[in-house]
Amino acid sequence: MEKTNRSYPSTRRPRGERSSEELTMLSARIDDELNEYVRATAYETRQSKQDIVAEALRLHREYRQARLAAE
C-alpha cells in the first residue's frame, strides 16, 4: 500500500490551542448557552454551525441597518 501525500500538517494541536495569536475559536469566545443552542440547531437542521452563525450575523446586520434607516 502506497502512502498518499497530505496537504495538511501531520502534527495535531490540542483542542483550543491557536496556531497564531489572531485566530481564536468562536466557541472559546461565546457564551456556553449560546454555543449549545447553535450546536442543537445544527443537529436539528443539518446545517453547519458556521452557516448558522453566518446567517444569524447577516440577519442581525440587516435588522440594525433597517433600524438605523428608520431613525
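The values are calculated or read from the model by the stated rules, or taken from the named source; none is laboratory data. Bear in mind the structure is a predicted one, so any value in this text is a computation, not a measurement. A quick note on method: Cβ atoms are made from the backbone with ideal geometry, for glycine too, and the neighbour counts reach across all protein chains shown.
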* Inter-residue pairs, beta-carbon under 6 Å, first under 21 Å from residue 30 (Cα atoms) and in the range 46-71, second part of a helix (DSSP H, G or I) and of a type in the set (Val, Ile, Thr), 6+ apart -> 49/38; 52/38; 52/41
* Would you be able to say whether some residue in the range 60-67 is assigned to a helix (DSSP H, G or I), surrounded by 10 or more Cβ atoms within 10 Å (Cβ to Cβ) and modelled with pLDDT under 85? => no
* Structure fact -> Taking the range 32-58 and keeping only residues that are in a helix (DSSP H, G or I) and hydroxyl-bearing (Ser, Thr, Tyr), one is left with 37, 41, 43, 45
